[in-house]
1. Please work out if VAL190 is touching an Asp or Glu at 6+ places or on another chain (Cβ under 6 Å) and among the hydrophobic types (A, V, I, L, M, F, W, C).
2. For the stretch 36-74, give me each residue that is surrounded by 15 or more Cβ atoms within 10 Å (Cβ to Cβ), under 24 Å from LEU198 (Cβ atoms) and not β-branched (Val, Ile, Thr).
3. Name every residue in the stretch 201-228 that is under 19 Å from the mean Cα position of the chain (by Cα) and either of a type in the set (A, V, I, L, M, F, W, C) or on the phi > 0 side of the Ramachandran plot (or both), in order of residue number.
4. For the stretch 197-224, give me the residue count where each residue is exposed (fewer than 15 other Cβ atoms within 10 Å of the Cβ), closer than 16 Å to LEU29 by Cβ and either touching a residue at least 60 places away in the same chain (Cβ under 8 Å) or touching a strand residue (DSSP E or B) at 6+ places or on another chain (Cβ under 7 Å) (or both).
5. State whether the residues of the stretch 100-107 include one that is under 21 Å from the mean Cα position of the chain (by Cα), loosely packed, with under 14 Cβ neighbours inside 10 Å and not β-branched (Val, Ile, Thr).
6. If you take just the helices (runs of 4 or more DSSP H) that sit entirely in the stretch 124-234, which of them hold at least 1 residues that are closer than 15 Å to VAL87 by Cα?
7. Which of the residues that make up the stretch 8-36 are without any contact (Cβ under 8 Å) to a residue 60 or more places away in the chain and either closer than 24 Å to ILE180 by Cβ or within 18 Å of the chain's Cα centre (by Cα) (or both)?
8. Can you tell which of GLY100, GLY84, GLY77, GLY62 is closer than 24 Å to GLY27 by Cβ and at pLDDT below 90?
Amino acid sequence: MLRVEGLTCRYGKITAVSDLSLEVHQGELITLIGANGAGKTTTLKAISGLVAPAAGRLIFEGEDITGASARRILQLGVAHCPEGRRVFPYMTVIENLHMGCHLRRDSREVEADMAKFFDRFPILYDRRGQMAGTLSGGEQQMLAIARALMSRPKLVMFDEPSLGLAPNIIDRVFEVIKSIQAAGATIIMVEQNAFAALELSDRSYVIEQGRLALTGTGRDLLENPQVKAAYLGA
């Protein structure tokens, strides 16, 4: 579904990602793990068109999207749920959800999808007329997830979905992400909770200083001594 070939991204003179290659197959849940500043978020931003690659290629479903606009990439079916949730704080819950599907023209299906997400997240229905900035962190995360899904993406990218949330809310978020995969979506997830990420993933890529260090199934990497020492506190 997605191929990243030799991706290099720079911020001025600083190289954030260097010659990174990875593949994502349809229906997989792929995780990227690594220390803060390793280049994981930059990789997601490059895939979604928010950062222009300095080198390399991005191929989505056979189409070269290297340098394509974020709008075009969203149209092709790639949605990005960013770090820190990034809801529109002065818009209501419903207005935030409509922002997630602003490129769609099937208004009846949009309303059906919104009703479906209100069923999945009843608290959002209760808060539907409330300003998003007044929601709790967990409620904002649920809204950010629902907003990303309103575009009916084929590939969904989650950046630190558990960041700053209470443990019981984190469990709920991961349950939702697994249910999204079970419903047919392909997922890339960046997650600081390496143990949870590896448990959830079909395959994982370990990124260190912008370069690919290791790859393997989640189960294999959970047993890898290098990963245990660096990311699992073992």
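The values are calculated or read from the model by the stated rules, or taken from the named source; none is laboratory data. Quick caveat, the model's predicted, so the values are computed rather than measured. Cβ: placed from backbone, ideal geometry, glycine included. Neighbour counts: every protein chain shown.
1. Yes, satisfied.
2. If the condition is that a residue be surrounded by 15 or more Cβ atoms within 10 Å (Cβ to Cβ), under 24 Å from LEU198 (Cβ atoms) and not β-branched (Val, Ile, Thr), then ALA38, GLY39, LYS40, LEU44, LYS45, ALA46, SER48 are the ones that fit.
3. Answer for the stretch 201-228, where residues must be under 19 Å from the mean Cα position of the chain (by Cα) and either of a type in the set (A, V, I, L, M, F, W, C) or on the phi > 0 side of the Ramachandran plot (or both): VAL206, ILE207, GLY210, LEU212.
4. Selection size over the stretch 197-224: 1.
5. Yes, the stretch 100-107 has at least one match.
6. On the way: elements: 137-149, 167-182, 194-200, 218-222, 225-231.
Those helices (runs of 4 or more DSSP H) span 137-149.
7. Hit for the stretch 8-36 is GLU23, nothing else.
8. GLY100
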